[in-house]
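One structure is given here, and the rest of the page talks about it.
The values are calculated or read from the model by the stated rules, or taken from the named source; none is laboratory data. In this text the structure is predicted, and so the values were computed from the model without any measurement. Positions of Cβ are backbone-derived with ideal geometry, glycine not excepted, and every protein chain shown enters the neighbour counts. Side chains are part of the model used for accessible areas, which takes the heavy atoms of the whole protein and leaves out ligands, DNA and RNA. Shrake-Rupley method; radii C 1.70, N 1.55, O 1.52, S 1.80 Å.
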Amino acid sequence: MLKVYKGLIKLFEGTLNLMFVLQITLMIVVFLTATYWFLDLINCSAFEFARPLAESISDFVRLFYQEDIEIGGVYIDGSLLLFDILALLTVFFITKSKFYIYRAIEQIEASIKACLREDEKKFNEELQKEAEDRIKQCNNVAILVKFEVKNMYVDYEQGSAKDKEDEAFKIFYSAIKSLSGCKFAKTGDKMLILLDGFTRVDNLLNFVDMSINKIRANMKKDKWALFSYVAVDVFSSKSNFKGEVYPVLEKLLTLRHKNEALCLGNFNLRYKLNKEQMYTLFLKGSYNIDGECDVFALVKKG
């Protein structure tokens, strides 16, 4: 359709150029013949050079109109006057026609813009779908959890804090080990959780939150403060987990945002594709994680 519209515009623009040339030509001819005719009436030969043109036009007009004009009892040849009147009417008609042609060109250009917008919209929709399909390929979730325990009393043994951290991890693992579709690994002072199936990420995050909060509440009764550091990332089955994903999780933990789950923009994009979202992602800032990256915190709604 765009080719048809562009072809019409070229046709109309060519017509406008021809009409413009015709207008100029007619106006020149009218000026020459009208001036010659008037000067000839008063016996002035200033425009004698226009006689061949005037006689040719007069002869042509007499083929269709042979009446003379009577002025004060004197009959004069009115063929040139008739030609000039018809020429001026033609110029007027061309002027009006050009207005409507310009209007038609504007409407066609508006139609072209509408087609271009529609094509751009379809193109963007295709790009969006392709991008979403690529993002959806990242269907695995990794959560890295680290605990830090501190006694609320001033004097306490450091070794006892380490024992409390180990105890917290044991309780935490006992609570989450029954989750289906998950794999667990204890790496030093961190717990790694892997989930196959992104649609269940809300359930996993919620269960992790509840388990940590329950442990924190119980330890508080014994005057121990539990701080949790949680990093979340999404990856595909083709990702190099040890070389790409796990180092990012560890760097997120080093930001030391207490009692918050942190993630990067790739998780944010994948999470937005979920129809139902239990968490809201807030931008915490830009950090040097895997290059300069935006870091988000997952905050439970309600």
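Okay, residues lined up against (1) over 18 Å from G78 (Cα atoms); (2) modelled with pLDDT of 85 or more:
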| residue | (1), (2) |
| --- | --- |
| V4 | yes, no |
| K10 | yes, yes |
| L18 | yes, yes |
| V29 | no, yes |
| N43 | no, no |
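Whether any residue in region 231-243 is modelled with pLDDT of 95 or more and among the small types (G, A, S) is what I want to check. Looking through region 231-243, at least one residue is modelled with pLDDT of 95 or more and among the small types (G, A, S). Just one of the listed residues (A185, A231) is closer than 24 Å to A168 by Cβ, touching a helix residue (DSSP H, G or I) at 6+ places or on another chain (Cβ under 9 Å) and outside any helix (DSSP H, G or I), namely A231. Restricting the search to region 199-216, which residues are crowded, with 20+ Cβ neighbours inside 10 Å and within 14 Å of V141 (Cβ to Cβ)? V201, L204, L205, V208, listed by residue number. Could you please find all residues in region 1-41 being under 33 Å from the mean Cα position of the chain (by Cα) and not aromatic (F, W, Y)? Answer for region 1-41, where residues must be under 33 Å from the mean Cα position of the chain (by Cα) and not aromatic (F, W, Y): M1, L2, K3, V4, K6, G7, L8, I9, K10, E13. The lone criterion from (1) open to solvent by less than 90 Å² (accessible area, probe 1.4 Å); (2) closer than 28 Å to R216 by Cα; (3) among the aliphatic types (A, V, I, L, M); (4) touching a Phe, Trp or Tyr at 6+ places or on another chain (Cβ under 9 Å) left unmet by M152 is number (1). Taken over region 3-51, the criterion of being loosely packed, with under 12 Cβ neighbours inside 10 Å and either touching a Ser or Thr at 6+ places or on another chain (Cβ under 9 Å) or not in a helix (DSSP H, G or I) (or both) is satisfied by I42, N43, S45, A46.
Selection of first residues in region 11-34 that are free of Cβ contacts under 8 Å to residues at least 24 places away in the same chain and of second residues that are in a helix (DSSP H, G or I), restricted to Cβ pairs under 6 Å at least 6 apart or on distinct chains, gives the following pairs, ordered by first then second residue: L32/A50.
Among the residues in region 128-146, are any surrounded by fewer than 18 Cβ atoms within 10 Å (Cβ to Cβ), charged (D, E, K, R) and over 41 Å from the mean Cα position of the chain (by Cα)? Within region 128-146 (the criterion being surrounded by fewer than 18 Cβ atoms within 10 Å (Cβ to Cβ), charged (D, E, K, R) and over 41 Å from the mean Cα position of the chain (by Cα)), the answer is no, since none of the residues qualifies. Scanning region 77-105 for residues that are surrounded by fewer than 14 Cβ atoms within 10 Å (Cβ to Cβ) and of a type in the set (V, I, T) yields I85, T95.
So is A225 of a type in the set (G, A, S), over 41 Å from the mean Cα position of the chain (by Cα) and in a strand (DSSP E or B) or not? Write out each step before concluding.
Details: of a type in the set (G, A, S): yes; over 41 Å from the mean Cα position of the chain (by Cα): yes; in a strand (DSSP E or B): yes.
The answer is yes for A225.
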